[in-house]
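Enquirer: Structure incoming, see below.
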Amino acid sequence: MLNAGDRAPDFSNPDADMNIVELSQFRGKTLVLYFYMRDDTPGCTTEAIEFSELEDDFTKLGASVLGVSRDDCIKHGEFRDKHGISVRLLADKEQTTCAAYGVLQDKEVDGVMRKSMTRSTFVIDKQGVIRHALYGVSSRGHAAEVLQLVALMSKGELN
């Protein structure tokens with residue numbers, strides 16, 4: 001697991017339109033990187049819609065928002081279009097970004113150990129340092145909580 005003060009691991013993942021997105025593209029901006037289980041599930045849909053509804057507020061604070069799951073680009077595109085999601089969704093089929101950010105945990109399902117995603121969010125500052133590492137978050141209301149953290153960071157009140 002990552003902690004505040006750690007350097008954010010680099011990533012390079014395709015978005016729903018198959019454009020490659022890398023951490024380095026966000027140097028000089030605050031980045032909110034949130035990890036979710038699966039497209040089109042109730043909690044993940046709520047979270048994506050709430051981040052999308054607040055996207056203009058994040059932008060005003062100089063922050064970008066990216067969602068990451070293990071779904072592929074096509075599934076992301078369908079999910080985005082079905083629910084009007086405006087934040088960019090990144091595909092991590094190989095789970096390299098999920099592993100780098102420590103959001104995969106072993107969980108027993110029907111007597112079999114499987115890698116399970118833990119809903120998590122990272123607020124990364126302009127220099128690429130993690131300022132907030134939030135593991136095991138709830139979907140409803142989470143985007144607003146993260147927006148408050150970003151707002152306080154932008155005012156220099158919260159590191």
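The values are calculated or read from the model by the stated rules, or taken from the named source; none is laboratory data. Since the structure is predicted, the reported quantities are computational estimates derived from the model, not experimental observations. Neighbour counts are summed over all protein chains in view; Cβ atoms, including those assigned to glycine, are modelled from backbone coordinates with ideal geometry. Each accessible area value is taken on the protein alone, full model and side chains, heavy atoms only, with ligands, DNA and RNA left out. Shrake-Rupley method; radii C 1.70, N 1.55, O 1.52, S 1.80 Å.
Enquirer: With the dipole of the range 17-159 worked out from charges on the C-beta (+1 for Lys and Arg, -1 for Asp and Glu) around the Cα centre, which of V21, G67, A151 lies farthest toward the positive end?
Expert: Towards the positive end, the residue furthest out is A151.
Enquirer: Of the DSSP beta bridges with both residues in the range 1-120, give the percent that are antiparallel, rounding to the nearest 5. Working shown, then result.
Expert: On the way: 11 of 21 bridges.
If I count the DSSP bridges inside the range 1-120, around 50 percent turn out antiparallel.
Enquirer: Still on this structure, please answer the following. In the neighborhood of K29, defined by Cβ-to-Cβ distances under 10 Å, what is the net charge if each Lys or Arg adds +1 and each Asp or Glu adds -1?
Expert: On the way: positive: R27, K126; negative: D125.
Taking every Cβ under 10 Å from that of K29, the sum is +1.
Enquirer: Taking amide H positions as placed 1.01 Å from N in the peptide plane, with prolines and chain starts having none, which residues 5 or more places from H132, or on another chain, fall under 5 Å of its amide H?
Expert: V123
Enquirer: Using a probe of 1.4 angstrom, how much of the accessible area of the chain is carbon and sulfur, in percent?
Expert: About 47 percent, which is the carbon plus sulfur part of the accessible surface.
Enquirer: Between A144 and D110, what length in nm is gained on full extension when 0.36 nm per residue of separation is reduced by their alpha carbon distance?
Expert: Details: separation 34, 0.36 × 34 = 12.24 nm, distance 3.53 nm.
Full-extension gain reported as 8.7 nm.
Enquirer: Cross-chain or 8 or more residues apart, Cα under 18 Å: how many lysine pairs in the range 1-144 fit that? Count them up, please. Each step should come with its number before you reach the end.
Expert: On the way: K29/K60; K29/K126; K60/K126; K75/K93; K93/K115; K107/K115.
So the count of such lysine pairs works out to 6.
Enquirer: Rounded to the nearest whole Å², what accessible area per residue is found for the chain with the 1.4 Å probe?
Expert: Roughly 50 Å² per residue, with all protein chains present.
Enquirer: If Lys and Arg each add +1 and Asp and Glu each add -1, what is the summed charge of the other residues whose beta carbon sits under 12 Å from the beta carbon of V103?
Expert: Numbers: positive: R70, K115, R119; negative: D92.
Around V103, the surrounding residues sum to +2.
Enquirer: Pop out the ³J(HN,Hα) list for the range 36-52 in order, Karplus 6.51 cos²θ - 1.76 cosθ + 1.60 with θ = phi - 60°, rounded to Hz; leave Gly and Pro as x.
Expert: 9, 5, 7, 4, 6, 9, x, x, 5, 5, 4, 4, 5, 5, 5, 5, 5
Enquirer: With each label point set 7 Å from Cα along the Cα-Cβ vector, what nm distance links N3 and D56?
Expert: So the two model labels end up 4.0 nm from each other.
Enquirer: Shape of the range 14-74 from its Cα gyration tensor (a ≥ b ≥ c, root eigenvalues): rounded if a/c is under 1.5, otherwise prolate when a/b > b/c, or oblate?
Expert: Values: a/c = 2.29, a/b = 1.23, b/c = 1.86.
Taking the square roots of the gyration eigenvalues as a ≥ b ≥ c, the range 14-74 is oblate.
Enquirer: Can you tell me which of G102, G141, G111 moves the most in a GNM of the chain? Springs connect C-alpha atoms under 10 Å apart.
Expert: G111
Enquirer: Please give the calculated 222 nm ellipticity per residue for the chain, where each DSSP H segment of at least 4 residues contributes -39500 (n - 2.57) and the sum is spread over every residue; nearest 500 deg cm²/dmol?
Expert: Details: 5 runs with 47 residues, N = 159.
Mean residue ellipticity at 222 nm (helix-derived): -8500 deg cm²/dmol.
Enquirer: Subtracting the Cα-Cα distance from 0.36 nm times the residue separation, let me have the gained length for S12 to S24 in nm, one decimal. Mind showing how you got there, number by number?
Expert: Numbers: separation 12, 0.36 × 12 = 4.32 nm, distance 0.91 nm.
3.4 nm is the gain from fully extending S12 to S24.
Enquirer: On a 0 to 90° scale, report how tilted helix 73-83 is relative to the longest principal axis of the chain, with both axes built from alpha carbons and the result rounded to the nearest 10.
Expert: Once rounded, the angle reads 70 degrees.
Enquirer: Okay, next question. Short version: ³J(HN,Hα) in whole Hz for each residue of the range 14-25, in order, from phi by Karplus 6.51 cos²θ - 1.76 cosθ + 1.60 (θ = phi - 60°), x for Gly and Pro, what are they?
Expert: Taking θ as phi minus 60°, the curve returns x, 8, 4, 9, 6, 8, 6, 10, 10, 4, 4, 5 Hz for the range 14-25.
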